[in-house]
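Below: one structure, written as C-alpha cells.
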Amino acid sequence: MATDGLAHIDGMSEGGAPSNWPSRPRVRVVIPCRNERAYIAACLRSLVDADRDGMQVEVRVCDGMSDDGTREEVQRFASEHAWIKLVDNPQRTTPQAMNIGLREPGYEVGIILGAHAEVDSGFIRNNLRVLREHPEAGCAGGLIENVYLDAASRRIGTAMSHPFGVGNAHFRTGTKEGEVDTVAFGAYRREVFERIGYFDERLMRNQDDEFNYRVIKAGFGIRLSASVRSRYYVRGSYAKLFRQYRQYGYWKVYVNRMHRTVTTLRQLVPALFVSAVCGGALLLLLWPQLWPVWLSGLGAYLLLAAYSAGRAAGSISDVPGVLCAFLVLHVSYGVGYLQGLWDFILLRKEPKASASDLTR
C-alpha cells in the first residue's frame, strides 16, 4: 500500500497529507543570523541532538557576514555534519536571509528558527505530526519557553509570557492550542511558498506576522501545538526591549497599509493607551476639570498592571521589574505604532532601503 511519507512517523495513518511527499520527508531549517557567536553553537547543538529518524533534515545558517566568530562556529558544525551549511547573506536583512534559505527547492517542509533559540528533541517530529494530522494547515508551530540569563531578562521574559503584556500571542502565553493567527519558528509546507511567495524583503520587522497573515488569507490554517517546544534567550535590557517593540509597532502600520486592513485587533491597544494618556494630558490644559477622569483611567491601568505583575512574578522582588516591563512593552509598541501612522499613512513614506536587521 502506498504511503505519503509522514505515515512513517509515529505510526500515523494514510490520507490527508500531500501525495508527493517521499517516504523520508525532507525538512529544511533556515536560521537567519548575524554576530550570534554566543548563541549559535547551542542552537545548532539542539538540532544535532533532535530526533531526526525517518526524515532528511538540512540546516542552512544564512549569515549576514558576521565578524564576531559566528561563521567559524557554524563552519565547525558543518565540518562535522554535512547536513549543516553556512550560506552567505550579503544583504544582511532578516527576510532576505529567510528567502535565500527557502527559495531553492528540495524540501517538503521549511522551518524558520532564530539563532537565539534551542529546540526540544521532538521539535521537528512533532511539527511534522501536526501537519500530517491537519492537512488543511499550511503551518505548524509551538510554545516558546523563555531562558533567563539574569534578573532583568527573567522579569522581561515573565512580562512577555503573560496575557497582560502581549495579549493573545498564544505561542508566548500557552493559553490556547489549535487554530491561531501566528506562531514563532513556524514549520511551513512547501506548497505555501509556491502559492503565496516568500517573506517580504521590505520589512525590517514583522516579517513573520505579515507572512502568516497571507498564509491565512490564502486559505491555509496555522496550528499551535503544545507538543512543539523551543527555548529562547530573552533580552536582558529594558532599553533593547523598548527599541525592539517600538520597531514592531512601527512596522505593523506598514503591513496594514500593504494589505489595506488591520491584521489583528490586539495591535491597536497599545496605541490607544498611549494616545489616551498623552492626549488626555493635553486636554487637561484646556479643561482642568477632567483631572479626575484622566487620573482614574491611568490609575486603573496601573492597578491592573500591578495586579498582573504580582500574579506573574516568581517572587516579590520581581514585581517592580515585571511591572516596568509591562510599561515598556505597551508604551514602546504604542509609540512605534503612532510613528508608523504618521510616516506610512499621513506622509505616505516608503521604508528606507538602508534599513537592516537580523536579530530574531
Legend entry - Net charge dipole size for the chain [Lys, Arg +1 and Asp, Glu -1 on Cβ; Debye, nearest 20]: 860
Inset, instruction - Would you be so kind as to identify which of Asn99, Asn126, Ala271 lies farthest towards the positive end of the dipole of the chain, taking Lys and Arg as +1 and Asp and Glu as -1 on Cβ and the Cα centre as origin? - result: Ala271
Legend entry - Relative contact order [Cα under 8 Å, 6+ residues apart], the chain, whole percent: 19
Inset, instruction - Work out how much length Ile196 to Leu347 would gain on full extension: take 0.36 nm times their residue separation and subtract the Cα-Cα distance, in nm to one decimal. - result: 51.4 nm
Inset, instruction - Tell me what the chain gives for mean residue ellipticity at 222 nm when only DSSP H runs of n ≥ 4 count, each as -39,500 (n - 2.57), the sum divided by the residue total, rounded to 500 deg cm²/dmol. - result: -14500 deg cm²/dmol
Legend entry - In nm, spacing of pseudo-spin labels at Arg76 and Glu177 (7 Å Cα→C-beta vector): 3.8
Legend entry - Degrees between helix 123-133 axis and first principal axis of the chain (Cα, 0 to 90, nearest 10): 80
Inset, instruction - Taking the dipole about the Cα centre of the chain, with the C-beta of Lys and Arg at +1 and of Asp and Glu at -1, give me whichever of Ser230, Thr158, Leu303 is farthest to the positive side. - result: Leu303
Legend entry - Relative contact order computed over segment 66-178 (Cα-Cα under 8 Å; 6+ residues apart), in percent: 12
Legend entry - Burial ordering of Phe211, Phe242, fewest other beta-carbon atoms within 10 Å first: Phe242, Phe211
Inset, instruction - For helix 151-160, report the angle its Cα long axis makes with the longest principal axis of the Cα atoms of the chain; keep it between 0 and 90° and round to the nearest 10°. - result: 90
Legend entry - Efficiency of FRET between Arg260 and Glu104 - r from beta-carbon atoms, R0 35 angstrom, step 0.05: 0.60
Inset, instruction - Along Cα→Cβ, 7 Å out, is where each label goes; now give me the distance between the ones at Ile316 and Met65 in nm to one decimal. - result: 5.5
Inset, instruction - Normalise the Cα radius of gyration of the chain by 2.2 N^0.38 Å (N = residues in it) and let me know the number. - result: 1.04
Legend entry - Inter-probe distance in nm under a simple model that places probes 7 Å from Cα toward Cβ, at Gln289 and Lys217: 4.8
Inset, instruction - Please determine, in degrees from 0 to 90 and to the nearest 10, the orientation of helix 94-103 with respect to the longest principal axis defined by the Cα atoms of the chain, where the helix direction is its Cα long axis. - result: 20
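No value in this document is a laboratory result; all are computed from the given coordinates. Bear in mind the structure is a predicted one, so any value in this text is a computation, not a measurement. Quick reminder, even Gly has a Cβ in these numbers, built from the backbone with ideal geometry, and neighbours come from all protein chains shown.
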